[in-house]
Every structure is written in structure tokens, then in C-alpha cells.
Amino acid sequence: MRLGKLGQLLNGWVKEGLISDEQSAKIAEHMKAQRHLQMLKFIKVLFVLGAFWLVVGLIATIKLIDASILWAIWNLICDLFSPIVKLAKWIAGERYGYLLAGLGCFLVWGLCHYLGRRLQKRSAIEINRLGLWASPELRLGTTTFTIGYIVAAIGFGLFSHLIEPLSRGDYSRPEIVIPYFSFFAIAFFLSIAYRMKDQIALLFGIAFISHAVGFFTAYYFAAYMIGVKFPAIQLLVGALLVFIGLWHVEKIREKEEHYFFLFGRTYQWTGLLFVYISLWIMSLWGFTTDYWKAPSAVELWVANLLFLGVSLGAMFYGAFKEDRLYFNFGLTFFIIDTYTLFFSRVWATLGSAVGSLCLGILLVATGYALRKMILTKRG
């Protein structure tokens, strides 16, 4: 609709008493903003088409260049960087490729971080003048930061290959390797997260905490010193993350929009995930995942009862605090543990009849206690 036609309609509605003068002015401003926004969207088509034809033209131009010239340029680049390659070989030996690739990743991260900061500052200036029109720049800045974090994480992963033993899967010769670069990555991402109040960087930092404790190794390769063969250590790390999250939340509970509160919730759900995954592992394979030795029945009973107790504790804590995060985690893994405990342990030792009775009593008693707690708290 043309703005002139809209103005006539608004004037007519004002005369008829359908809207006030203030509402008419707000509608007019809103329609102007929408019209400008549509124009900006159409202009984006020019950038997309221009980028496409730039790529086509660049490829066509390269094809016209003599291959000997391209080869000479490649040799020149190799000669320029040969001292760096020699230095990398001297430092890392036969794994110099990981070192060079990791350094390249951090160069890309630095570029992405610089561009993200520029976009962030520009959007902070423009948002006061353009309002919602600046949101594409905000999204682009966030995307740039995220790409940089991904590349930096790949760089730390490449660096970790510099210290891994060559016989990583040889169980007859286990080699203990401390994941130094995972610890460096934790410090790197957490420092960025708190300095920039960036929750995405916090998630990358916690991901490297999980990498350091063997969370993504599926307890299969005994490559790291902590966590891989001892899921109880992962349990302790998860409990520590939960308490860190509680401290963050309690420190700023009155301001849920504050970044400290969001960080606290992130620590809590990731810590709970650590805790329950490690408990699940222990309920199946015991406190140590020794593939050459079966866990004892006592060890499995203790692990399953611990799993059950933590699940019930999270459910009751969530009901008492009216916190669905803890309640949902507790309920989900409570259902999982009732299967592993009752169907795998109780039914196999005490029989299906006793196991069914115990399971029914547990479910009814838990439901009754939770219902009573919620009704008492609301009453």
C-alpha cells in the first residue's frame, strides 16, 4: 500500500473516531519502517547475485591464466613459508602438519573475532538510530563469533594430536597423557565468555571440560589421565559444575536477564548431564570401566541405588524449588534407572513378582510424596 493512500485511510479513521491521533501516528511510523525493511530485503538480492557472479568471474579468470604462471606463484609461496615449515618440523617432528593447521585455525579465529567485534560495535551504534533494522548486523556478528569459536576449537583439537601417543588404541601398552591443550582451551573460552558475556563461548569452554574428562571418548580409549576409565571422576566434575551454576544463580537471582543468571543455568544443565551420564555408565559397567574384568554384583547394586537416589533427589529438589530443569532431569533418568535397576538387577535376583511389587511401591510412594510436597508448598 502506498503511504499516500495509507495517510488518507488513517485520516478517515481518525475522523470516524475509530482511532486516535496518537494511534494514527504510530501506525504511520510502523508502516514506514516496514516499507524500508522490505526495501533493504530487496537490496540483499543484489549482494547475493553480485557475490555469485564475482565467484564465476574469478574462476573464469583463473582458467585463462597459464598453468606455468600459477605453478610459479605456488613455488614462490612455498619458498616464502619454507622457514615456517622448517621451524614447525623442528618443533613437532613428523606431526608438524597438525601444528601448522592449528596455527592457521587461530589466524582464522583472530580474523573472525576482529570482524565480529567490528560488527558488534557498529550494531551497538546503529541500533539506537535504526531500531530493529540493525538486527541483521547483530545476527551476523554472532554468527561470525561462532564460526571463530568453531575454528579455534578445531585448532585446539589439532594441537592435541601433538601429544597423543601413537599407540592410542593399544590396550596392552596403556599410555597416560594429560590433556594440556584441553585445559588451555577451557581457560581460553571461559575467559572470552566472561569478558564478552558470551554464552556461546561458555558452551565451548564446558565442551572442552567434557573432552578433558573423557566425555566424548565413550570410555573406550584410555588416552587421558582423568575420567576415561573412571566415570566417578566425571560425576565429581558434573557435581562441581552444578554447584558453580547454583552459585551463579543465587548471586543474581533477582535479575533473570543478567548474563550471570544465564551462565548459571548453563552450568546447571551441563553439570546435570555430566552427572547422569556418568551414573548411567556406572549402573551398567561399575565404577571403573575395566573391559578385562566384570564388575561385581555389589558394585552394580551400589551404582544403581546411587543412580536412583540422585534421580529422586533431583525430582524432589525441583518440586520444592519449582524448578523444572531439575525435575525434568530427575524424572527422565529416574525412568531410565527403574529399567536398568529393576529389570536388570531386581528381576534377575529376586524374581519378577517381587521386582514388580517393589517397582510399584516405589512409583506410588514417590508420586504421593511429590504430590503432598507440591500441595503443601502451594497451600
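What follows is calculated from the coordinates using simple rules that are stated; it is not laboratory data. Computed from a prediction, not measured in an experiment: that's the story for all the values here. Counting neighbours? That spans all protein chains shown, and the Cβs are built from the backbone with ideal geometry, glycine included.
Neighbouring Cβ atoms within 10 Å as the yardstick, rank 103, 370, 80, 241 fewest first. Present the calculation step by step, with values, prior to reporting the outcome.
Details: 103 14, 370 18, 80 9, 241 23.
Going from least to most buried by this count: 80, 103, 370, 241.
Using θ = phi - 60° and the Karplus curve 6.51 cos²θ - 1.76 cosθ + 1.60, what whole-Hz ³J(HN,Hα) does each residue of segment 187-195 get, with Gly and Pro shown as x?
Once rounded to whole Hz, the list reads 5, 4, 6, 5, 5, 5, 4, 7, 6.
Please arrange 311, 82 by how many other C-beta atoms lie within 10 Å of their C-beta, fewest to most.
Numbers: 311 24, 82 10.
Ordered by Cβ neighbours within 10 Å, fewest first: 82, 311.
Under a 5 Å amide H to amide H cut-off, with H placed in plane at 1.01 Å, what residues pair with residue 163 once short-range neighbours are removed?
Counting only residues 5 or more places away or on other chains, the set is empty.
Do any trypsin sites (Lys or Arg not before Pro) in segment 237-280 lie in a loop, going by DSSP, with at most 16 other beta-carbon atoms within 10 Å of their beta carbon, and if so which?
Numbers: sites: 251, 253, 255, 265; in loops: 253, 255.
Sparse-neighbourhood loop trypsin sites (Lys or Arg not before Pro): 253, 255.
Exceeding 19 Å between C-alpha atoms, which entries from my cross-link table qualify? They are 121/197; 32/121; 321/372.
Details: 121/197 15 Å; 32/121 26 Å; 321/372 14 Å.
In this structure, 32/121 exceed 19 Å between Cα atoms.
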